[in-house]
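The values are calculated or read from the model by the stated rules, or taken from the named source; none is laboratory data. Keep in mind the model is a prediction, meaning the values are calculated, not measured. Backbone-built Cβ (ideal geometry, glycine too); neighbour counts: all protein chains shown. Quick note on the areas: whole protein, heavy atoms, side chains included, nothing else; ligands and nucleic acids left out. Shrake-Rupley method; radii C 1.70, N 1.55, O 1.52, S 1.80 Å.
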Amino acid sequence: MNAGIGTYASVRNVAADKLVLIPNGISDEVAAAVFFKAMTAQYLVQKTYKVKAGDVVLVHAAAGGVGQILAGWAKALGAFVVGTVGSHAQFAAAKEAGCDAVVDYSQPNWVEEVIKATGGKKANVVYDSVAKTTFLGSLDCTAPFVTVALFGSASGPAPEIQPEIKKGCLFLTRPSVFPNNATAALLKENAQAVFDAIAKGHVKV
């Protein structure tokens, strides 16, 4: 995790506190394919907002690498998951990942479609990695006193907002994988949570 230059070398030296041991039963190929993306999903569903059964969870870019893992993990925890995608062609991937409903955020009425998909409920947490295109709508999809986690900016930086904006008493955070794994102990603890989730089938490769 954040081991510096040389990741694509065949052989290299890395400080031990930047590494985790891959457990038996998880191949090098699976670990390489999923680890960093799953570590991102892990801090989002377990640390930024602890997803629980019955929650309504909105995952933007649900057909993407992190989005598929995030949607599937939240669903495995018992949440009702709405995924958004950038085009109708991505609906199938988002549904296969575990989304209960999928909405195209490129459409002007996407916020209304999200709320319609939940039966009128707003989300307990919104995981937004798209930013510019979705951020203000994310605020409108979020129930009072809960969390909007802006963890990426695929469409460009989120628009600036004033603290006085009236959006219903929300908590807004800009988390990152690196502070959540800033020590060797945290890295090992969170990696174990990822490997456990893979073993349980909560994270699919």
query: Out of all the residues in the stretch 126-146, is one or more touching a Gly at 6+ places or on another chain (Cβ under 8 Å) and acidic (Asp, Glu)?
result: yes
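Rundown of residues vs (1) among the charged types (D, E, K, R); (2) within 20 Å of the chain's Cα centre (by Cα); (3) within 16 Å of residue 202 (Cα to Cα), yes/no style:
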residue: 18; (1), (2), (3): yes, no, no
residue: 23; (1), (2), (3): no, no, no
residue: 26; (1), (2), (3): no, no, yes
residue: 70; (1), (2), (3): no, yes, yes
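Can you confirm whether residue 121 is farther than 11 Å from residue 62 by Cβ, without any contact (Cβ under 8 Å) to a residue 24 or more places away in the chain and among the basic types (Lys, Arg)?
no
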Residue pairs within 6 Å by beta carbon, gap of at least six or interchain, first lying in the stretch 78-92 and touching a residue at least 60 places away in the same chain (Cβ under 8 Å), second open to solvent by less than 10 Å² (accessible area, probe 1.4 Å) and not in a strand (DSSP E or B), listed first then second, are none
Filtering the stretch 10-55 for residues that are under 17 Å from residue 68 (Cβ atoms), β-branched (Val, Ile, Thr) and touching a residue at least 60 places away in the same chain (Cβ under 8 Å) leaves a count of 4
Going through the stretch 174-202 in order, the residues found to be polar (S, T, N, Q) and loosely packed, with under 15 Cβ neighbours inside 10 Å are 176, 183, 192
Item to complete: Would you check if there is a residue in the stretch 124-132 being in a strand (DSSP E or B), in contact with a Leu (Cβ under 7 Å, 6 or more places away or on another chain) and of a type in the set (S, T, N, Q)?
Response: no
